[in-house]
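Notes follow the structure.
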Amino acid sequence: MKFNSITPEAIEAFASIVGQEYIVLPAAAEDMMRYTHDETEDLRYEPEVVLKPANASEISRIMQYCYENMIPVTPRGAGTGLSGGALAIHKGVILSTERLNKIIDIDERNLQATVEPGVITQVFQEAVIAQGLFYPPDPSSRGSCFLGGNLSESSGGPRAVKYGVTKDYVLNVEVVLPSGEITWTGANVLKNATGYNLTQLMIGSEGTLGIITQIVFKLIPFPTQNLVMLVPFRKEEEACEAVSKIFVAGIVPSALEFMEREAIEWADRYLGFDIDRPADELAHLLIELDGNDMELLFKDAERVYEVLEAFDVGEILVADNEKQKAELWMLRRNVPHAVKGNSIYKEEDTVVPRAELPKLLKGVKEIGARYNFKSVCYGHAGDGNLHVNIVKADMSDEDWNTKLPEGIKEIFQLCVSLGGTISGEHGIGLVQKPYIGIALNEVQLRLMRESKNYLIREAYLIRVRSFKENRRSNY
């Protein structure tokens, strides 16, 4: 598809919509820099202009102008994504939602909340906790990522194992379609069997079908008690095997995270923790149990211990105060930052049925040995979601650029052969696009393309008909 470049007339039109102070141009190099990248490796794409609208009406006018003038638009949240999904690969407009940052309403009677997409996830979580309510999805970047971005990628996080991912908490969204039409996708109800599920169609669509401008979330009561333990294993694959066994025993942790030895060591160093871990401990599981009755949690913990007796584990650490719990979670949440600070890397977001985790981990190491790359693995083991961080280390630039993509391809083929797929929570974006044919067949891809094209075309025709009707009514 051929797009048009931004003209001075376009800048003038945009300024009339958002105001000159909410436009960033390449001449403002320092301001522009933050919009050229996300958290994906070292990718850089500079847009021709960044626009910061304040509401759905302004976004609608921008999209209408861009639609009519064939100008590409890339929606952007906080830029914390890991798939290159918010990069201006066709130049044009970056449309930032950072000014749409209001918590509009927390409805304690119906356990719902209405928010704008630029609200930071942790800010929202803390606001509802203050009302005794709970919004469980908690991606690792929760302190900086936006809720709109979470919807666009259907983000998960550690507590997805018990509570589900972002899509499980969205009742309704207001979206601006590519042609400028504004619509809600559903209703603010817990059950809805009225027509197609347009809400879920938007979630996980990575901004390709519309721009989210309001969200209605379902909330649940806040669990008041939790118990956190760190379990060291002397064999990596046994740590993965234990995950499935815990669920088979009837225990559903609120989080169950896997970290291989180097992941936890690098996080130790990154945080300045002076911890001497036994040399034979090759992997760890971080297990959290939550609820409202501590006695019941201790009983579940005893059952976890019974499961672990079948494995070669070291000394289990049970956090006995809030500070220690926070430190254990800090350790886990900082693993990706530690890896990023240690080496040039690529992070692959693999996912398989949880019982297949041992085969996935073993296969990743075997593929790494064949292609001569090193990997550091960690992730949401309770979901079968393993983050494979491939570090450049001593690999030559030539091997990194030519051989590594073949190794990544094999990792994804392994995932699919085990009943999994190529992304559990990071999305496809630019980075995974070359591999999508491994997970999806041509029929599936065609359905997606045709759905998008139909949605855009019909929205435009509706707007044209509305315009003609308005003109006739004015005569």
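The values are calculated or read from the model by the stated rules, or taken from the named source; none is laboratory data. Every value quoted in this text rests on a predicted model; they were computed, and no experiment measured them. Heads up, the Cβs are rebuilt from the backbone with ideal geometry, glycines too, and the neighbour counts pull from every protein chain shown. In case anyone asks, the SASA skips ligands and DNA or RNA and just uses the protein heavy atoms, side chains included. Shrake-Rupley method; radii C 1.70, N 1.55, O 1.52, S 1.80 Å.
Please go through region 400-440 and pick out each residue that is farther than 19 Å from His380 by Cβ, of a type in the set (Gly, Ala, Ser) and not in a loop (DSSP other than H, G, I, E, B). Gly407, Ser417, Gly437, listed by residue number. Pairs meeting the criteria (first residue in region 2-25 and within 23 Å of Ile89 (Cα to Cα), second residue among the aromatic types (Phe, Trp, Tyr), beta carbons under 8 Å, at least 6 apart or on different chains) are Ala10/Tyr65; Ala13/Tyr65; Phe14/Tyr65; Ile23/Phe14; Val24/Tyr35. In summary, Gly156 fulfils each of the numbered conditions (1) more than 27 Å from Arg109 (Cα to Cα); (2) in contact (Cβ under 8 Å) with a residue 40 or more places away in the chain with the single exception of condition (1). Of all the residues in region 362-382, those that are assigned to a helix (DSSP H, G or I) and buried (at least 24 other Cβ atoms within 10 Å of the Cβ) number 2.
When the residues of region 1-23 are filtered to those that are crowded, with 18+ Cβ neighbours inside 10 Å and not aromatic (Phe, Trp, Tyr), the one that is nearest to Val115 (Cα to Cα) is Val18. Does Arg269 satisfy the criteria of being of a type in the set (D, E, K, R), in contact with an Asp or Glu (Cβ under 7 Å, 6 or more places away or on another chain) and surrounded by fewer than 20 Cβ atoms within 10 Å (Cβ to Cβ)? It is false that Arg269 is of a type in the set (D, E, K, R), in contact with an Asp or Glu (Cβ under 7 Å, 6 or more places away or on another chain) and surrounded by fewer than 20 Cβ atoms within 10 Å (Cβ to Cβ). Considered as a group, the residues in region 44-71 that are touching a Phe, Trp or Tyr at 6+ places or on another chain (Cβ under 8 Å) and in a helix (DSSP H, G or I) include one that is nearest to Gly19 (Cα to Cα), and that residue is Ile62.
Is it the case that some residue within region 311-323 is open to solvent by 50 Å² or more (accessible area, probe 1.4 Å) and within 28 Å of the chain's Cα centre (by Cα)? Taking every residue of region 311-323 in turn, at least one turns out to be open to solvent by 50 Å² or more (accessible area, probe 1.4 Å) and within 28 Å of the chain's Cα centre (by Cα). Restricting Val431, Val391 to those that are open to solvent by less than 20 Å² (accessible area, probe 1.4 Å) and touching a residue at least 40 places away in the same chain (Cβ under 8 Å) reduces the list to Val391.
When restricted to residues that are within 23 Å of Pro53 (Cβ to Cβ), open to solvent by 40 Å² or more (accessible area, probe 1.4 Å) and over 15 Å from the mean Cα position of the chain (by Cα), region 141-191 contains 4.
Checked against the criteria, Leu440 counts as at pLDDT 95 or above and of a type outside the set (Lys, Arg). Scanning region 207-224 for residues that are crowded, with 20+ Cβ neighbours inside 10 Å, in contact with a Gly (Cβ under 8 Å, 6 or more places away or on another chain) and under 19 Å from Pro137 (Cα atoms) turns up Ile212, Ile215. The single condition among (1) among the small types (Gly, Ala, Ser); (2) open to solvent by less than 10 Å² (accessible area, probe 1.4 Å); (3) more than 19 Å from the chain's Cα centre (by Cα) that Gly132 does not meet is (2).
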